[in-house]
Amino acid sequence: LKGMSYASLQEWVESHGFRPGQAMMLWKRLYKDDIWANDVDELEGLNKDFKRMISEHAEFGALSFKDVRSASDGTRKILFTLSDGLVIETVVIPCDRGRTTVCVSSQVGCAMNCQFCYTGRMGLKRNLTAAEIVEQAVYARRLLSREFGSITNVVFMGMGEPFHNIDNVIKAANIMVDENGLHFSPRKVTVSTSGLVPQLKPFLRESNCTLAVSLNATT
């Protein structure tokens, strides 16, 4: 579910005989109203037939929570297990002036081989799906919003080179900034890249999020 844009979700809901308004109700329970639903039982206020259809035809959780580790400065590293047993990490960084940033991964491992980066030495295992990327931000809000307050910023600076997974990164970023969803400001969602030129055009054409280019990359 969390890999769909709202338009795709609405089309999917209607294809199963339900009204477009029910798609919006589902969307808000996935991403808004402090619910951040992670299974059908958390879909408060939806009728039984709709919930039954979702349980029969949709997959909810792209990630399984494994562990959270705390640093002395308040930073949290969240470890997730994927459906194939691979593990990724997401970092939540509290900052001054009420700003908290979640740093999401876009791949398992990385092909760039930047020597200053541990992930680069792993090699690339696979790309993350859009759902696996989005769910990192959702989980960060579920787990840590009460402690940190609002999580205000997203940076694609975790495991992987985002532009090597450009389609899923654009899809995930657009879900994150949807005003009826997670509703991050596009100015506060930053995609950090080593500067892969061919992917710049689709990113600039299809996303209004912020772009950062690493000057320390191997390119």
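How would you classify region 6-57 from its alpha-carbon gyration tensor, with a ≥ b ≥ c the square roots of the eigenvalues: rounded for a/c under 1.5, else prolate if a/b is greater than b/c, otherwise oblate?
Values: a/c = 1.83, a/b = 1.25, b/c = 1.46.
Oblate, because a/c is 1.5 or more while a/b does not exceed b/c.
If one takes the longest principal axis of the Cα atoms in the chain, at what angle in degrees, from 0 to 90 and to the nearest 10, does the Cα axis of helix 130-148 lie? Helix 130-148 sits at roughly 90 degrees to that axis.
Taking 106, 207, 83 as the candidate residues, the one with maximal mean-square fluctuation in a Gaussian network model of the chain, Cα springs under 10 Å, is 83.
Against the main long axis of the alpha-carbon atoms of the chain, helix 166-177 sits at an angle near 60°. Centroid-to-centroid, using Cα positions, region 99-143 and region 155-185 are 11 Å apart.
Cβ crowding within 10 Å ranks 24, 112 as 24, 112, fewest other Cβ atoms first.
Stretched out fully, how many nm does the piece from residue 32 to residue 86 gain, at 0.36 nm a residue minus the Cα gap? Length gained between residue 32 and residue 86: 16.6 nm. Counting only DSSP beta bridges with both residues in region 64-213, tell me the antiparallel percent, nearest 5. Approximately 65 percent, going by the DSSP bridge assignments. Taking the C-alpha atoms only, the angle from helix 20-31 to the longest principal axis of the chain is near 40 degrees. Charge tally around residue 202: other residues with Cβ under 14 Å, Lys/Arg +1 each, Asp/Glu -1 each, net +1. Which FRET efficiency value, to the nearest 0.05, is calculated for residue 11 and residue 70 with the Förster distance at 35 angstrom and r the Cβ-Cβ distance? The calculated FRET efficiency here is 0.25. Stretching residue 59 away from residue 214 to a fully extended chain increases their span by 52.3 nm, per 0.36 nm per residue minus the current alpha-carbon distance. With labels modelled as points extended 7 Å from the Cα through the Cβ direction, what inter-label distance (nm, one decimal) is found for residue 167 paired with residue 152? Taking the simple label geometry, residue 167 and residue 152 are separated by 3.6 nm.
Normalised by the number of residues in region 64-213, the mean separation of alpha-carbon contacts (under 8 Å, six or more apart) gives a relative contact order of 18 percent.
Decide, for region 117-208, between rounded, prolate and oblate: order the square roots of the alpha carbon gyration tensor eigenvalues as a ≥ b ≥ c, take rounded if a/c falls under 1.5, and otherwise choose prolate if a/b is larger than b/c, else oblate. Judged from the Cα gyration tensor, region 117-208 comes out oblate (a/c at least 1.5, b/c at or above a/b).
Isolated cysteines in the chain, defined as those with no second cysteine Cβ under 4.7 Å, comprise 95, 103, 110, 209.
Per-residue packing, averaged as other Cβ atoms within 10 Å, sorts the ranges 181-188, 127-134, 54-61 into the order 127-134, 181-188, 54-61, beginning with the highest.
Each reported figure results from applying straightforward, stated rules to the coordinates on display, with no laboratory input. These figures come from a predicted structure and were not determined experimentally. Neighbour counts are summed over all protein chains in view; Cβ atoms, including those assigned to glycine, are modelled from backbone coordinates with ideal geometry.
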